[in-house]
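> I'd like to ask some things about the structure below.
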Amino acid sequence: MITEEQTRRILDAVDAAFDAQLSFTQELVRHPSLRTNEGSAQDLLHSAMAQRGLEMDRWELDPDELAIHEGFGAVTVSYQGVTNVVGTYLPAREEGRSLILNGHVDVVPEGPHEAWSRSPWDAPIIDGWLYGRGAGDMKAGLAANLFAFDAVRSAGLEPAGRIHFQSVVEEECTGNGSLAALLRGYRADAVIIPEPEEDMLVRANVGVLWFKVRVTGNPTHPREMGSGFNAIDAAYTAMTALREVEEKWNADRGSHPHFENLDHPINFNFGGISGGDWPSSVPAWCEFDVRAAIYPGISAESAWAELQECLASLSSGPAPISAVPTRTGFYSEGYVLEPGSDAENLLEQTHRQVFDGELASFTTPGYLDGRVFALYADTPALVYGPVSESIHGFDERVSVESVRRITKSIAVFIANWCGVKEHR
């Protein structure tokens, strides 16, 4: 462990550079890094990493290469120009443990601008909160990774272990960004992902499946509706059938450790719907998008098979419905961070030093890229980050002081995990 005096130097260094950290985070938020348009934000991060003397790697995601992996999420867009950025710090002699500091640069759509109290991309700081789409989820965390590293070096210390700074895409839709980094060979002894987690550590999270259901009907004139078949009406019947699966899975929560005390851990979200061709024609088709959660330990394959079976069963009976699902994104499994790893034990210590309190852990019914490292690299993935509000909603914001403390905790973790040498 580093000394108290070294710890104090690191903490002071975070404070000294914190205004610059906030300015960088604001600049990053001002880049609307929506899916397939992450390029300018990745340019900014690439430049920031290169300025720190890191060994740089930037590459375009390859869906064919990814498709051979069991954790691949189906791709419905072009990956041309869609890139990951990784900067690697290599000490003169690699004597300490290695670390990945991971974060995603992609953000979800901002929705109607008139529903925001200000532009989603202005990134103001108001009453201790930094606003903007992606401010919490998770550009403040991406910046914290870099500035935590800066604080160690500004304190006159050099990490003795290899560190990979990863800025990945596709976290909000497939998880293919972190998966691509793994397939490219980036591995380490531990991973930190500073997602917006309320100053806590994620103990367990669900897997997620994305799919589209197409329901077909029989078009007629409205005066003869009785002889037609309305695909939009039938789509709601298909949704009801999926809700029954959702409730069945929720009723089984007692069989899944860390989820038994959640009221509704499994959520199916119908995130989009379209159908029909003409107001005066009975709709011949309807499509709706689904996000379905699954418990850790349940394979994506078995969950997908049950969902397919549910929809296929609608084709029999007095009013048959053709409802065909197609995968459109996430095909991910959940995971549990088993307690007791050296990485978690150290994070508990660094959190206690910075927050003057014990590190709490919790279960989240959301997707996290931590599954890539936990399931496919046997690596403790510490998903741990600042207090935020309204992520994926209007007026998304992150607590400035929480970001400061999380940055300090990560910085002290880097120094202790990787080991340090004093500058000569």
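> With a length cut of 24 Å (Cα positions projected on each helix's long axis) and a Kyte-Doolittle mean of at least 0.5, go through the chain and give me the DSSP H helices that pass.
Qualifying helices, which must be both long enough and hydrophobic enough, are 400-418.
> Here's another thing I want to ask about it. Can you give the relative contact order of the chain as a percent, counting alpha carbon pairs under 8 Å and 6+ residues apart?
Details: 960 pairs, mean separation 107.6, N = 424.
After rounding, I find 25 percent.
> Also, quick follow-up: So for the chain, taking the charge dipole from beta-carbon charges (+1 Lys/Arg, -1 Asp/Glu), which of ILE410, LEU66, GLY87 sits furthest toward the positive end?
Positive-most Cα among the choices belongs to GLY87.
> Separate question: Given a 1.4 angstrom probe, I'd like the percentage of the accessible area of the stretch 140-218 that is carbon and sulfur, rounded to a whole number.
On the way: 690 of 1560 Å².
Percent of accessible area from carbon and sulfur atoms in the stretch 140-218: 44.
> While we're on this one: Just to confirm, what accessible area per residue do you get for the chain at 1.4 Å probe, in whole Å²?
41
> May I pose another question? Over the stretch 83-152, what relative contact order in percent results from Cα pairs under 8 Å that are six or more residues apart?
31 percent.
> If you don't mind, there's one more thing I want to ask. Pop a pseudo-label 7 angstrom from the Cα along the beta-carbon direction at both GLU244 and ALA17 and give the gap in nm to one decimal.
About 5.8 nm separates the two model spin labels.
> Further question on the same structure: For the stretch 328-424, what class follows from the C-alpha gyration tensor (a ≥ b ≥ c being the square roots of its eigenvalues): rounded when a/c is under 1.5, otherwise prolate if a/b is larger than b/c, else oblate?
oblate
> So between MET56 and SER255, what do we pick up on full extension, going 0.36 nm a residue minus the alpha carbon distance?
Going from the current span to full extension adds 67.1 nm.
> Just to make sure I understand: if all protein chains stay in place, what is the order of LYS139, LYS212, LYS248, LYS408 by accessible area at 1.4 Å, largest first? Working shown, then result.
Numbers: LYS139 0, LYS212 60, LYS248 120, LYS408 35 Å².
Accessible-area ranking of LYS139, LYS212, LYS248, LYS408, largest first: LYS248, LYS212, LYS408, LYS139.
> Pick out, in residue order, every one of the trypsin sites (Lys or Arg not before Pro) in the stretch 335-403 that is DSSP loop and has at most 11 other C-beta atoms within 10 Å; say none if there are none. Intermediate results must be reported in sequence, preceding the final value.
Working: sites: ARG352, ARG371, ARG397; in loops: none.
Of the trypsin sites (Lys or Arg not before Pro), not one in the loops of the stretch 335-403 has a Cβ with at most 11 other Cβ atoms within 10 Å.
> Per residue of the chain, what 222 nm ellipticity follows from adding -39500 (n - 2.57) for every DSSP H run with n ≥ 4, rounded to the nearest 500?
-10500 deg cm²/dmol
> Under a GNM of the chain (C-alpha, springs under 10 Å), which listed residue has the highest mean-square fluctuation: TYR79, TYR131, TYR331?
Looking only at TYR79, TYR131, TYR331, the biggest GNM fluctuation is shown by TYR79.
> Mind checking the full-extension length gain between SER274 and GLU70? Use 0.36 nm per residue of separation minus the Cα-Cα distance, one decimal, nm.
70.4 nm
> In addition: If r is the Cβ-Cβ distance from ARG187 to ARG93 and R0 is 25 Å, what FRET efficiency results, to the nearest 0.05? Intermediate results must be reported in sequence, preceding the final value.
On the way: r = 20 Å, r/R0 = 0.79.
Once the sixth-power term is evaluated, E becomes 0.80.
> Tell me the accessible surface of TYR367 in square angstrom (1.4 angstrom probe, heavy atoms of protein chains only), to the nearest ten.
That residue has around 30 Å² of solvent-accessible surface.
> Here's a follow-up. Roll a 1.4 angstrom probe over the protein heavy atoms and tell me the percent of accessible area of the stretch 242-307 that is carbon or sulfur.
On the way: 1630 of 3310 Å².
Within the stretch 242-307, the accessible surface is 49 percent carbon and sulfur.
> Here's a follow-up. Order ASP12, ASP369 by their accessible area, 1.4 angstrom probe, all chains in place, largest first.
My answer, sorted largest first, is ASP12, ASP369.
> Given a 1.4 Å probe and the protein chains all in place, what does the accessible area of TYR236 round to, in Å² to the nearest 10?
Estimated to the nearest 10 Å², TYR236 gives 120 Å².
> Rank these residues by their accessible area, most exposed first, probe 1.4 Å: PHE259, PHE229, PHE147.
Largest to smallest exposure gives the sequence PHE229, PHE147, PHE259.
> How much accessible surface does ASP342 have with a 1.4 Å probe, in Å² rounded to 10?
100
The values are calculated or read from the model by the stated rules, or taken from the named source; none is laboratory data. From a predicted model like this one, the values you see are computed outputs, not experimental measurements. We place every Cβ from the backbone using ideal geometry, glycine too, and count neighbours over all the protein chains shown. Note: accessible area is taken over every heavy atom of the protein model, side chains too, but ligands, DNA and RNA are not part of it. Shrake-Rupley method; radii C 1.70, N 1.55, O 1.52, S 1.80 Å.
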